Amino acid sequence: MKRLTTGGRINRDTPVTMCFDGRDLPGFEGDTLASALLAAGHKTVGRSFKYHRRRGVYSAGVEEPNAMVTLHEGAFREPNTRATCVEAQDGLVAASQNAWPNIHLDIGAVNNLLSPFFSAGFYYKTFIGPFSGTGFWMWCERFIRRASGMGRAVHLPDPDTYEKVTTTCDVLVIGGGAAGLSAALAAGRKGARVILAEQDTVLGGAILSDPVGGESDFWLKQIELELHTLPNIRILTRASVFGAYDSDTYGMVEHLSGCEGQPRQRYWQIHAPRAVMATGAIERPMVFGNNDLPGVMLAGAVRSYLNRFAVLAGQTALVATNNDSAYATAIDLASAGAGVTVVDTRTEVPQALREQAETAGIRVLRGHAVIAARGRKCVTSALVAPLDQNGQPLQLACDLIAASAGWSPNVHLWSQLYKTPEYRPESACFIPRALFEAHLQPAGLVTAPMEMAQIITDGFARGSEAAGPDGDAGTVPESFDGGPLWSGNFGPVWCAPGVKGKAFVDLQHDVKLSDIDQAHLEGYVSVEHLKRYTTTGMATDQGKLANVNALARMADLQEREIAEAGTTTFRPPFTPVTIGALVGQDHGAHVRPTRRTPIHDWHVAQGAALAEAGLWKRAWYYPQGDEDVGAAYRREAAHVRAHIGLVDVSTLGKIAVQGPDAATFLNRVYTNGWKSLRPGRIRYGVMLREDGIVLDDGATARLGEHEYFMTTTTANAAKILADFERRLQSDWRDLKVHVTSLTDQFAAMALAGPKSRALLQTLCPDVDLSPEALPNNSFVEATIAEHPVRLHRMSFSGELAYEIYTPSGHGQPVWQAIMTAGAPHRIIAYGTESMGTLRIEKGHVAGPELDGRTTMEDLGLAGLASSKKPFVGSVLRHRPLLQSEDRAQLVGLLVEGDEGARGGSLIFAKGAAPEGHGEGWVTSATYSPALGKYIAMAFVKNGQARLGEEVQIVNLLENQTSSARLISHHFFDPEGERQNG
Amino acid sequence: MIRIHCPICGQRSETEFSYYGDATVKRPDEHETDPALWVDYVFTRDNPRGWHREYWHHVQGCRQWLVLERNTLTHEVSACHLASEASS
C-alpha cells in the first residue's frame, strides 16, 4: 500500500495529523479516515463482531462493514462510525473496536477456533436444553454479550449541540452524481426551487472515482458551474436523506462535525412534492474462503482509493469479477504500476474490454473464480480454480483481491414508500418498479442502466418532469465516456463451487455461507426468518452488502428464483442516525413547555419548594428553617384552620362559556341543573363521560345573562376545552355558545381561614362582605390596591374562604397586597401539599378519586345527578354493573399507628389473608392536624354500609400492614359550619 | 408524517393536530333513552382498511375540529372539512 506522489483529489498542501489507537496518523485534507489508514499501511483496522477476525478497510462508502471505529474521547466518544465516511481532520482521535488488548493481539480471537459452537442461531439454542434459565446460563450469557458487539456507547450526557430544520422545496434531488446533477440542472433551469442533497463532502458521486482530469471531470465542472449560477438551487453536501415518509416528507441529516460555528448535526424535515432518487448502487462482494481477510476489498473501492485519494491499495492485485465494471479498476491499477490479474467467472468477455486489458498488461483468466484468499494477517495469495472444474486450482501470489459480484441499486428510499422492488435477472439486482404516479422517481444507476448517456438523459428527464410543465429545461448535457458498466454482460456466479474455509456473506455480523445453509437445513423458508435466525443484514450496515448474496444462496438451496424468494422489508434509516440529531434541542426542560403561574416569582423568592403538576410548576410548601415536606404541611394546614392562609390556584382550568344557549350547554355537560342559577351565584358541578364514568368537577359562576365562568381541575383543563369545542362544532352545532380558555388570562388565589373575611374587608372597605350580602357560593366584583378582582366566596379547605380572580398581570401585586395587609392576622402562604391535607380532611374528591373508573354513586355524589334532564352520560351511567351494590364506594379511613397509609395500598377485611386484589384501595392519605390522626380516603367494596368496621391496610410494595377503621370521609366539620359562617 | 390541509390554516404538519376518532358515528338524540343506541355510539366501531372519515382537532392551530377523509392503508388524505360545515 502506498500513497502516490501525484493525482487524486486530496489537498497535499494541507496535511493533517490524526491519532489512531494512540499513534499519529498522517493524512491530507480531502482524505477520509479510511484512506489515511490505508495510505499509512494499516491493514488490520478492527476485529469482527463474533469471531474477532482481523478486518481491514473493505469499501469506500456508507456500506463499510469492517472499518468501524470509535471517534473522539470522553463525553464526545462516538462508537461504530464508518472510517470510510469520516472526514480527515487535524486532531481527530480514533480507536479500533472489539479487540482486547489490541487489534493485533486480541484475546477474543479464540472465538474463531470455537466457531463450530457459534453457528447460526447458537444464542437462541442456549434458550433450550439443560442449562436454559439456570444460574449457569445467566453466567455464560454475560460473557456472550461482552464478547460480541462493537463499540461501547458513552454514558455521559452528550455535550454536542444539534439543530432541527423544517423546509419545503418543489423538487428534492437525492444524490449528487451524474444522474442527480442532471436532474437538478433540468429542474433548476425550469425555475423550480430545488434542494440537491449529497451525502459526500463534494458533488460528483461515482465521477470522483474516475482519474483526475478526465472527460468526466470536465463534465462535472461544467454542470457545477451552471448549478451555482441558479439561485433557486440549494446544494447541501454531507447531507444524507435517510427516510422517505408519508405526505412527501423526507428525513435528512447534515453532518457538520468540525465545521466552525455549526452544530454537530442538523436534522432536516423536507417537504417536497416531487423528488428524484439518484442514489446510485453499492457493489456486492464475491463470496469465497477467507473473503474477510485484510487485503480483500470491493473492486470499485480500490479504484476510489486510487483515483480519489491517491492510495494504491496493492502492488500485486487480483481482480475477481463476474461483470465488466471491475475492468476499470484493473486498468487503473495497471496504469498506476501494479501487477494485475483479472479472474473473470465468465467465459465470454467483450472483445474490446479484453483487448483494452491486455494492452494494459493485464492477464485475464476467463471462466475462473477465486475459491479462497490465503494469508495469516493479510492476503498473500489467492486460490483460483476453473469453474468447469477441468484442471487444478492455481495459487496466485497477490497482496490485494479487488472483488466485484455485481452491484445493488440503492432502492431503499423508494422501497420505504412503494414496497417491493422488482428483480432484474440480467443485472442480478433489485430495481424500483415503474410507477408513473409515484412522487419519488428513480434515476441513474439505481435503475441499472446500460450506458452512461442513459444515466444523464434519464436524470435530466426525471428532474424536468418533477419541476412541472412550466419553464424550459433546455438541452440535455452531452454524455461522457463512463467506462464499462456492470448492468449488461452479467455472469451469474458470485460464489464458486468448492470454496475453502470460512466464506462470509455478512461481514459485519460474521454470517457465513454455511450459516445460511444450516438455516435452510433447519427448515427456515421465509427470507424474513432467515434474516432473523442468521442475523444476516441485521448489523449497522443493514445488509447493504450482504442481502442479495444471502438471498441468492437461499434461493439456490430452495431451487427457486431470487424474484420468488423476495426481499426483506426496507425501513428507515438508510444510514445510521444519531438520536441526538432527532432530539435536536428538545431535551431536558425543552421537551415540553414549562408553565408558571403569574405569582411564580414570588413563590421562588420566598424559597418555596416547587412541585410539578403536568406542565405546571406549583408551590408545594414553604419550608421554615430546615423543615421537610411532612413538617411543613402539618404546620401550614393547622395554621390555616387557626388563622389564615393564601394559596395560588392559578393553574385551575378556566373557561368562559358565553352565548344565549350557555345555560342549556351547561345543563348538558354537567349532571346537575343550571337553569335556576342566578347571576352573581356559583354552583359546584360534576361532569361525566359518555359512558357514565365521572370525568371532572369544578365550580361555575354565572357572570351575566349569557355568560358563565367555569373552572375545571388543573389536569383536565385542556381535555375539557377540546371536548367542548368538538361538541359545539359537531353534534351540538345548534347551540349558540362559544367557549374560550381563560386559564392563562387569570390568576387565582384562595384566601382561607377564620380571619379571611376580616382581612378582605380591610382590603375592600367599600364592599359588603357580610354573610347576608355575600353568602357562600356567590361572588362580587371589587378592587384590591386598585387592581380589579372578583371575589368568589367558596371553599375547598372547609374554612371560610374566598377565591380571588384577577387578570394575570395583576396577580402578583394583588397577592403581595393581601400578604402585606394580612400580616397583622398572621397570614401565611400555603402550598399544594397542605391544600391537599385540608381537602382530604373535608372529604372532597380530587384526581386520585376521579381516576376514570368511578361513578357518581361510588363517590357519594349521586345526589348531584338530575333526573329531570338528559346530560352527557345520563343513560349509560345506569348500566347494570355501574349500579351494582358491591362496587367499591368512597369512605374515610382512620389509620392506627404513627405511619399513616400510602395511596395505592390494598384493603382487606380484618383477619383475612392479604391475597389477591383485596376489597378496596387507598386513594389519598395524610396526617390530619385538625383531628390529630392519620386519615385516608379509600374505595371499599360496599363501604358505606360498613362504616365502623375494622380493616387491614396492606402495602405490598413496602410489605407493611396497618389497621384502620372505616368512617365517613367527611372527617372534619361535616356540617360545613365553618365555611358557611 | 401526515400533512393536513386545514381549511383555515392551510397545509400543516400532523404534529399540530390531535386525532379523535371515527366521524361516521352519530350521537343519538339528546333525549334518547334506549341504552343500546348509546352503547352503539360509544363503543361500536368499524375498523376499515382503506378510506375512513375521522375527526381531527387542529389543537395547536386554529382549534377547529375537522373531518378528514383518510386512507388507513396509505395514509392519504383526500378531503378535509370543518366539522361545523361537514354534512352529518
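I'd like to check something: does the stretch A:734-751 contain any residue that is surrounded by 23 or more Cβ atoms within 10 Å (Cβ to Cβ), outside any loop (DSSP other than H, G, I, E, B) and more than 42 Å from the chain's Cα centre (by Cα)?
Checked against the condition, which is being surrounded by 23 or more Cβ atoms within 10 Å (Cβ to Cβ), outside any loop (DSSP other than H, G, I, E, B) and more than 42 Å from the chain's Cα centre (by Cα), the stretch A:734-751 yields at least one hit.
Conditions first: (1) part of a loop (DSSP other than H, G, I, E, B); (2) more than 14 Å from chain B (Cβ to nearest Cβ). A:Leu894 passes all but one, so which condition is the exception?
Going through the list (1) part of a loop (DSSP other than H, G, I, E, B); (2) more than 14 Å from chain B (Cβ to nearest Cβ), A:Leu894 breaks only (1).
Just to verify a result, which residue in the stretch B:1-42, among those that are part of a helix (DSSP H, G or I) and β-branched (Val, Ile, Thr), is farthest from the other protein chains (Cβ to nearest Cβ)? Talk me through it step by step, then tell me what you get.
Step one: of the stretch B:1-42, the residues part of a helix (DSSP H, G or I) are B:14-16, B:35-42.
When the remaining residues are screened for being β-branched (Val, Ile, Thr), the result is B:15, B:39, B:42.
Values: B:Thr15: 10, B:Val39: 7, B:Val42: 5 Å.
In this case the residue turns out to be B:Thr15.
For the list (1) modelled with pLDDT under 95; (2) in contact with a His (Cβ under 7 Å, 6 or more places away or on another chain), I need the number of the one condition that A:Glu915 fails.
(2)
Looking only at the stretch A:752-777, which residues are basic (Lys, Arg) and either assigned to a loop (DSSP other than H, G, I, E, B) or over 20 Å from A:Pro824 (Cβ atoms) (or both)? Reasoning before the result, please.
Keep residues of the stretch A:752-777 that are basic (Lys, Arg), which gives A:755, A:757.
A:Lys755 - this is the single residue of the stretch A:752-777 that is basic (Lys, Arg) and either assigned to a loop (DSSP other than H, G, I, E, B) or over 20 Å from A:Pro824 (Cβ atoms) (or both).
With out of contact with any Asp or Glu (no Cβ under 8 Å at 6 or more places or on another chain), surrounded by fewer than 24 Cβ atoms within 10 Å (Cβ to Cβ), on the phi > 0 side of the Ramachandran plot and assigned to a loop (DSSP other than H, G, I, E, B) as the only criterion, which of A:Gly91, A:Gly61 stands out?
Values: A:Gly61 fails: on the phi > 0 side of the Ramachandran plot.
Testing whether each residue is out of contact with any Asp or Glu (no Cβ under 8 Å at 6 or more places or on another chain), surrounded by fewer than 24 Cβ atoms within 10 Å (Cβ to Cβ), on the phi > 0 side of the Ramachandran plot and assigned to a loop (DSSP other than H, G, I, E, B) leaves just A:Gly91.
Of the conditions (1) surrounded by fewer than 18 Cβ atoms within 10 Å (Cβ to Cβ); (2) assigned to a loop (DSSP other than H, G, I, E, B); (3) more than 14 Å from every other protein chain (Cβ to nearest Cβ), A:Lys868 fails just one. Which one is it?
(3)
Of A:Glu949, A:Glu919, A:Glu958, which residue is over 26 Å from A:Thr855 (Cβ atoms) and free of Cβ contacts under 8 Å to residues at least 60 places away in the same chain?
Working: A:Glu949 fails: over 26 Å from A:Thr855 (Cβ atoms); A:Glu919 fails: over 26 Å from A:Thr855 (Cβ atoms).
Result: A:Glu958 is the single residue among A:Glu949, A:Glu919, A:Glu958 that is over 26 Å from A:Thr855 (Cβ atoms) and free of Cβ contacts under 8 Å to residues at least 60 places away in the same chain.
What pairs come out if I take residues in the stretch A:683-695 that are within 20 Å of A:Leu881 (Cα to Cα) and within 13 Å of chain B (Cβ to nearest Cβ) and pair them with residues that are among the hydroxyl-bearing types (Ser, Thr, Tyr) and assigned to a loop (DSSP other than H, G, I, E, B) whose C-beta lies under 7 Å away, six or more apart or interchain?
Hits for this filter: A:Leu688/A:Thr671; A:Gly692/A:Thr855; A:Ile693/A:Thr854; A:Ile693/A:Thr855.
I need the full set of residues from the stretch A:342-356 which are surrounded by fewer than 23 Cβ atoms within 10 Å (Cβ to Cβ) and either of a type in the set (Asp, Glu) or not in a loop (DSSP other than H, G, I, E, B) (or both), in order please.
First, the residues of the stretch A:342-356 that are surrounded by fewer than 23 Cβ atoms within 10 Å (Cβ to Cβ): A:346-356.
Those that are surrounded by fewer than 23 Cβ atoms within 10 Å (Cβ to Cβ) and either of a type in the set (Asp, Glu) or not in a loop (DSSP other than H, G, I, E, B) (or both): A:Glu348, A:Gln351, A:Ala352, A:Leu353, A:Arg354, A:Glu355, A:Gln356.
Collect the residues in the stretch A:800-830 that are of a type in the set (Gly, Ala, Ser), more than 26 Å from A:Phe709 (Cα to Cα) and surrounded by fewer than 23 Cβ atoms within 10 Å (Cβ to Cβ), keeping them in residue-number order.
Taking the stretch A:800-830 first, the residues of a type in the set (Gly, Ala, Ser) are A:801, A:808-809, A:811, A:817, A:821-823, A:829.
Filter once more, so that each one left must be more than 26 Å from A:Phe709 (Cα to Cα): A:821-823.
Within the stretch A:800-830, A:Ala821, A:Ala823 meet the criteria.
Which residues, taken from the stretch A:326-340, are surrounded by fewer than 23 Cβ atoms within 10 Å (Cβ to Cβ) and either out of contact with any strand residue (DSSP E or B) (no Cβ under 7 Å at 6 or more places or on another chain) or not aliphatic (A, V, I, L, M) (or both)?
A:Asp332, A:Ser335, A:Gly337, A:Gly339 - these are the residues of the stretch A:326-340 that are surrounded by fewer than 23 Cβ atoms within 10 Å (Cβ to Cβ) and either out of contact with any strand residue (DSSP E or B) (no Cβ under 7 Å at 6 or more places or on another chain) or not aliphatic (A, V, I, L, M) (or both).
How many residues does the stretch A:233-253 contain that are part of a strand (DSSP E or B), closer than 22 Å to B:Glu76 by Cβ and small (Gly, Ala, Ser)?
Adding up the residues that qualify gives 3.
Here are the criteria: (1) under 14 Å from A:Gly175 (Cβ atoms); (2) surrounded by fewer than 15 Cβ atoms within 10 Å (Cβ to Cβ). Tell me which single one A:Val212 does not satisfy.
With respect to (1) under 14 Å from A:Gly175 (Cβ atoms); (2) surrounded by fewer than 15 Cβ atoms within 10 Å (Cβ to Cβ), A:Val212 is out only on (1).
Does any residue of the stretch A:489-509 turn out to be surrounded by fewer than 19 Cβ atoms within 10 Å (Cβ to Cβ) and farther than 30 Å from A:Ala330 by Cα?
no
Output the residue which, of all residues in the stretch A:244-264 that are within 14 Å of chain B (Cβ to nearest Cβ) and of a type outside the set (A, V, I, L, M, F, W, C), is farthest from B:Gln11 (Cα to Cα).
Among them, the one singled out is A:Gly251.
Since A:Ala722 meets every condition but one in (1) closer than 21 Å to A:Lys869 by Cβ; (2) within 14 Å of chain B (Cβ to nearest Cβ), which condition does it not meet?
(1)
If you check every pair at least six apart or on different chains, which have Cβ atoms under 6 Å apart with a residue in the stretch A:506-531 that is over 18 Å from A:Ser115 (Cβ atoms) first and a residue that is of a type outside the set (Ser, Thr, Tyr) second?
A:His520/A:Leu557; A:Tyr524/A:Leu530; A:Val527/A:Ala565; A:Val527/A:Gly566; A:Leu530/A:Ala519; A:Leu530/A:Met554; A:Lys531/A:Gly537
Going through A:Ala75, A:Ala34 one at a time, which residue ends up being more than 23 Å from A:Ile207 (Cα to Cα), at pLDDT 90 or above and assigned to a helix (DSSP H, G or I)? Walk me through it before giving the result.
Working: A:Ala34 fails: more than 23 Å from A:Ile207 (Cα to Cα).
A:Ala75 is the lone residue from the list that is more than 23 Å from A:Ile207 (Cα to Cα), at pLDDT 90 or above and assigned to a helix (DSSP H, G or I).
Quick one: A:Glu705 ticks every box in (1) over 14 Å from A:Pro660 (Cβ atoms); (2) away from every other protein chain (no Cβ under 14 Å) except a single one, so which number is it?
The one condition A:Glu705 does not meet is (1).
Looking at (1) at pLDDT 95 or above; (2) in a loop (DSSP other than H, G, I, E, B), which one does A:Thr569 not meet, given that it meets all the others?
It is condition (1) that A:Thr569 fails.
Can you tell me which residues in the stretch B:43-88 are part of a loop (DSSP other than H, G, I, E, B), farther than 11 Å from B:Phe17 by Cβ and more than 10 Å from chain A (Cβ to nearest Cβ)? Don't jump to the end; show me each part of the working.
Going through the stretch B:43-88, the residues part of a loop (DSSP other than H, G, I, E, B) turn out to be B:44-50, B:58-64, B:72-76, B:83-88.
Subsequent filtering for residues that are farther than 11 Å from B:Phe17 by Cβ retains B:44-50, B:72-76, B:83-88.
Scanning the stretch B:43-88 gives B:Thr44, B:Arg45, B:Asp46, B:Asn47, B:Pro48, B:Arg49, B:Gly50, B:Thr72, B:Leu73, B:Ser87.
How many residues, within the stretch A:164-204, are in a helix (DSSP H, G or I) and of a type outside the set (Ser, Thr, Tyr)? Before you say what the answer is, go through the steps one by one.
Here is the first cut: in the stretch A:164-204, the residues in a helix (DSSP H, G or I) are A:178-189.
The next check asks that each one be of a type outside the set (Ser, Thr, Tyr); those that pass are A:178-181, A:183-189.
Number of matching residues: 11.
Scanning the stretch A:871-880 for residues that are of a type in the set (A, V, I, L, M) and within 9 Å of another protein chain (Cβ to nearest Cβ), which turns out surrounded by the most Cβ atoms within 10 Å (Cβ to Cβ)? Break it down stepwise before answering.
So in the stretch A:871-880, the residues of a type in the set (A, V, I, L, M) come out as A:872, A:875-876.
Filter once more, so that each one left must be within 9 Å of another protein chain (Cβ to nearest Cβ): A:875-876.
Working: A:Val875: 24, A:Leu876: 20.
Step by step, filter the stretch A:871-880, then rank; the result is A:Val875.
So which residues in the stretch B:1-22 are over 21 Å from A:Ser730 (Cα atoms) and touching a residue at least 60 places away in the same chain (Cβ under 8 Å)?
B:Ile2, B:Arg3
Looking only at the stretch A:94-105, count how many residues are crowded, with 21+ Cβ neighbours inside 10 Å and assigned to a strand (DSSP E or B).
Number satisfying all stated conditions: 2.
Please go through the stretch A:531-552 and pick out each residue that is part of a helix (DSSP H, G or I) and buried (at least 24 other Cβ atoms within 10 Å of the Cβ). Lay out the reasoning, then the answer.
Just the residues of the stretch A:531-552 that are part of a helix (DSSP H, G or I), to begin with: A:531-534, A:547-552.
Within the stretch A:531-552, A:Lys531, A:Thr534, A:Val548, A:Asn549, A:Ala550, A:Leu551 qualify.
Examine the stretch B:39-54 for a residue that is out of contact with any Pro (no Cβ under 7 Å at 6 or more places or on another chain), farther than 30 Å from A:Ser867 by Cβ and of a type in the set (Asp, Glu), and state whether such a residue exists.
yes
Please give the number of the condition A:Gly523 fails out of (1) crowded, with 16+ Cβ neighbours inside 10 Å; (2) under 39 Å from the mean Cα position of the chain (by Cα).
Only one criterion in (1) crowded, with 16+ Cβ neighbours inside 10 Å; (2) under 39 Å from the mean Cα position of the chain (by Cα) is unmet by A:Gly523, namely (1).
The values are calculated or read from the model by the stated rules, or taken from the named source; none is laboratory data. Keep in mind the model is a prediction, meaning the values are calculated, not measured. Methodologically, a virtual Cβ is constructed for each residue, glycine included, from the backbone with ideal geometry; neighbour enumeration extends over all protein chains shown.
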